[in-house]
1. In this structure, is Gly200 farther than 30 Å from Leu388 by Cα, among the small types (Gly, Ala, Ser) and in contact (Cβ under 8 Å) with a residue 24 or more places away in the chain?
2. Restricting the search to the range 337-365, which residues are within 20 Å of Ala193 (Cα to Cα) and touching a helix residue (DSSP H, G or I) at 6+ places or on another chain (Cβ under 8 Å)?
3. Which number in (1) touching a residue at least 40 places away in the same chain (Cβ under 8 Å); (2) surrounded by fewer than 17 Cβ atoms within 10 Å (Cβ to Cβ); (3) within 16 Å of ligand 1 (Cβ to nearest atom) marks the one condition that Gly347 misses?
4. Inspect the range 190-211 for any residue being in contact with a Phe, Trp or Tyr (Cβ under 6 Å, 6 or more places away or on another chain) and either among the polar types (S, T, N, Q) or within 16 Å of ligand 1 (Cβ to nearest atom) (or both) and give the result as yes or no.
5. Please go through (1) more than 20 Å from Arg34 (Cα to Cα); (2) within 21 Å of the chain's Cα centre (by Cα) for Glu360 and return the number of the only condition it doesn't satisfy.
6. For the range 218-238, which positions are in contact (Cβ under 8 Å) with a residue 60 or more places away in the chain and within 16 Å of ligand 2 (Cβ to nearest atom)?
7. Across the range 350-369, what is the total count of residues that are closer than 14 Å to Met168 by Cα and either surrounded by fewer than 18 Cβ atoms within 10 Å (Cβ to Cβ) or away from ligand 2 (no atom under 16 Å from the Cβ) (or both)?
Amino acid sequence: MDVEERRVLLRADFDGPLTPASAGLPGGVADDTRIRAALPTIEELRRRGARLVLVSHLDGPQAPDPAYSMRPVAKRLGRLMGTPMRLAPTVIGADVVDLTELLGPGQVLMLENVRFEAGETRNDPRLASALAELGDLYVNDAFASTNMVHASTSGVARLLPSAAGRLMEREVNALSAIVDEPARPLVGLLGGARLADKIGVVRRFLELADVVCIGGGMCFPFLAAGGHPVGQSLCPREDVGRAGAALREVAGARDRLVVPEDLQLASWGSDASAVSESLDGVDVPDGRLGLDIGERTAARYAEAVLTAATVFWNGPMGRFELPQFAGGTHVVAEAVASTSATTVVGGGQTVDAVRQFGLEESMNHLSAGGQAMLEFLEGRELPGVEVLRSDPPIQSGNATGPEPDGPAACRTLTRGSSGRG
Ligand code: ADP
Ligand code: MG
């Protein structure tokens, strides 16, 4: 894409925790991970002479609300870039168009929180058109929002020549490397809380991977489906049905699935100071619940990781927020950090755990994709990615303006080869 002197509308993902406003002082950015993650695309576009217009959501207000203003984000980003930027008073409108026209090459304007517009989540064509007035080209770097069909991720992409940003490109490439002809053995480590949230990914990995190690709360439906008592462990009845169906319906699933052989338990009803007791085996007595995989299981999962060529990990192996139940997650994290395999790690709490252990620099790719990552791995089409691959608009809407660049220059995402979907 030739972006020099063009107004580039960049959809970024600046959604992150804010510190609450107090005593008349405005709130601030509590965690700037996502702001930092957007920097490579922002800096590259500035270097290449783009006139940059940034748009993002922040939390989910339904109407303009100063508590969700982009102001703290604009301030933090300005500091990280080493140059202050302007914040538009609203998301769209004639005044905002004027502000975009005033931008010089390399200068940046941030729009207000796109969720201030009710049309955003409805993908209202009027909002999409109003957003398209604010740029000559559109770049989407908000991978975590690509599972939604919103005006700023989908509608506007149909109206302007579009491309993926660097972060989006990295996410799609890293996740494609897991599902499209991965180096083998491919090992999936799947954990977390509820099987219901992840069953699509579990089934996909049972088809795709050579070994699937299950931990976290999710192991109990599989253990229950195998006839083991689970005590008071996290194990909704519907999830036992889901686990059993996956084992029956996915050919070869029983050969690939590895479940815990020992556990760490707590007493039912105990609090954060719960004593962790080892169980040699997986028959959880009544009055107890499993909150971590056991030592032998952790060693076995680590061994699988160390002999893998590709590893994907989503979901903590236990209640790692409590130190006495963090052991399994820690052992697995150390193995993922030290294996010579290509490693892709994702999921909100999984990334938190990796950070807590100080291992984030040792992973090949830490995905911030959340739900979009899970859907991509399941093989579902992500509307916000597909729209970047589809044909660009015939004309840019401004008949007297510069012609859009050739479509090939705008398509940076290549379609995977495995026939996902
Ligand atoms: P991610 O955000 O990485 O995708 P999830 O949201 O699925 O992961 O699950 C993370 C949560 O699962 C953590 O807060 C952790 O405490 C919880 N968890 C892990 N193992 C268990 C368990 N055995 N019982 C209850 N909760 C668990
Ligand atoms: Mg989570």
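The values are calculated or read from the model by the stated rules, or taken from the named source; none is laboratory data. Only a predicted model underlies this, so the values are computations on that prediction, with no experimental measurement involved. Reconstructed Cβ throughout: ideal geometry from the backbone, glycine too, with neighbour counts over all protein chains shown. Keep in mind that these areas ignore ligands, DNA and RNA; they rest on the heavy atoms of the full protein, side chains included. Shrake-Rupley method; radii C 1.70, N 1.55, O 1.52, S 1.80 Å.
1. When the stated conditions are applied, Gly200 does not pass them.
2. If we filter the range 337-365 for residues that are within 20 Å of Ala193 (Cα to Cα), which is where we start, we get 344-357.
Val344, Val345, Gly346, Gly347, Gly348, Val351, Ala353, Val354, Phe357 - these are the residues of the range 337-365 that are within 20 Å of Ala193 (Cα to Cα) and touching a helix residue (DSSP H, G or I) at 6+ places or on another chain (Cβ under 8 Å).
3. With respect to (1) touching a residue at least 40 places away in the same chain (Cβ under 8 Å); (2) surrounded by fewer than 17 Cβ atoms within 10 Å (Cβ to Cβ); (3) within 16 Å of ligand 1 (Cβ to nearest atom), Gly347 is out only on (2).
4. No, the range 190-211 contains no residue that is in contact with a Phe, Trp or Tyr (Cβ under 6 Å, 6 or more places away or on another chain) and either among the polar types (S, T, N, Q) or within 16 Å of ligand 1 (Cβ to nearest atom) (or both).
5. Glu360 satisfies all of (1) more than 20 Å from Arg34 (Cα to Cα); (2) within 21 Å of the chain's Cα centre (by Cα) except (1).
6. Selection gives Met218 alone.
7. Residues flagged as closer than 14 Å to Met168 by Cα and either surrounded by fewer than 18 Cβ atoms within 10 Å (Cβ to Cβ) or away from ligand 2 (no atom under 16 Å from the Cβ) (or both) within the range 350-369 amount to 1.
Conditions (1) outside any loop (DSSP other than H, G, I, E, B); (2) more than 23 Å from Ala333 (Cα to Cα), marked per residue:
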{"position": "Ala266", "(1), (2)": "yes, no"}
{"position": "Gly269", "(1), (2)": "no, yes"}
{"position": "Ala272", "(1), (2)": "no, no"}
{"position": "Ser278", "(1), (2)": "yes, no"}
{"position": "Gly290", "(1), (2)": "yes, no"}
{"position": "Thr297", "(1), (2)": "yes, no"}
{"position": "Arg300", "(1), (2)": "yes, no"}
{"position": "Ala304", "(1), (2)": "yes, no"}
{"position": "Val311", "(1), (2)": "yes, no"}
